[in-house]
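Below is one structure, written out as structure tokens, with a few remarks after it.
Each reported figure results from applying straightforward, stated rules to the coordinates on display, with no laboratory input. Predicted model, so just to flag it, every value in this text is computed and none were measured. Every residue, glycine among them, receives a Cβ derived from its backbone with ideal geometry; neighbour counts consider all protein chains shown.
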Amino acid sequence: MIGVCLCGTPRAADDYESLAYCGDNITKILPSNWKLVEKKAGELPSGHYWGMKFDGPRGLLLVFEGNRDVFMHWEDKSGSGHQEALGKEALSLWIMPPEYAESWKRFFVMKRPIPAELIYSGAMTKIYGNPGHHLSPEAEKRFNEILLTNASSTSWPDSPKDTLTWATWKEDIRMICQAKSQ
């Protein structure tokens, strides 16, 4: 099966190069204080098929990181509270083939994460997004150290749900996708 991705390059159904090309176009519109920190092929949007078997088309995950700190709150074993700026605001985007669909069965999986939201759907691609936070390898090491040695509880109350310093991310992505699909 040959088609055209939103950016105008030919692709086969499982051709991640064309999905990456679309991601490259999104990367070009990032605000100056944002950067691409992760790129992974063969992924599914968060929360869509949590704990369920999936044999359909997969896509490309891109994780973008801003410069705003995200604090982890934790309580040590003696009951004292702490905060550490371990994370950075982040935006996860899944660029999916147009034939990809969310499972209606996901509504019956009560402990699944909040599903990634559909940001753009066109004849040639679908893009799902989820704001949150990202940990650098050093921050992840510190996070694990806290969990293993000191923490009795942790939380990320400052992790962005919709409020990113890239405030217009949804509109910007829709605009670039619509422009490239014409």
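What to note about this one:
- Taking a span of 30 Å or more along the helix axis (Cα atoms) and a mean Kyte-Doolittle hydropathy of at least 1.6 as the rule, no DSSP H helix of the chain qualifies.
- Placing pseudo-labels 7 Å out from each Cα toward the beta carbon at LYS141 and THR168 gives an inter-label distance of 4.0 nm.
- Answer label for Cα extents along the principal axes in Å (calculated), chosen among [x] 114, 38, 32; [y] 53, 31, 24; [z] 61, 40, 23: [z]
- Full-stretch length increase - ALA151, ASP76 - with 0.36 nm per residue and alpha-carbon distance subtracted: 26.6 nm
- The slack between GLU84 and LYS35, meaning 0.36 nm per residue of separation minus the straight C-alpha distance, is 15.4 nm.
- Residue among ALA167, ALA41, ALA116 with the largest mean-square fluctuation in a Gaussian network model of the chain, springs linking Cα atoms under 10 Å: ALA167
- Estimated 222 nm signal from helices in the chain, with DSSP H stretches of n ≥ 4 weighted -39500 (n - 2.57), rounded to 500: -6500 deg cm²/dmol
- Value of relative contact order over region 2-181, rounded to a whole percent, pairs C-alpha under 8 Å and six or more apart: 25 percent
- For region 29-126, the fraction of alpha-carbon pairs in successive 5 Å shells from zero, as %: 2, 11, 16, 17, 16, 13, 11, 7, 3, 1, 0, 0
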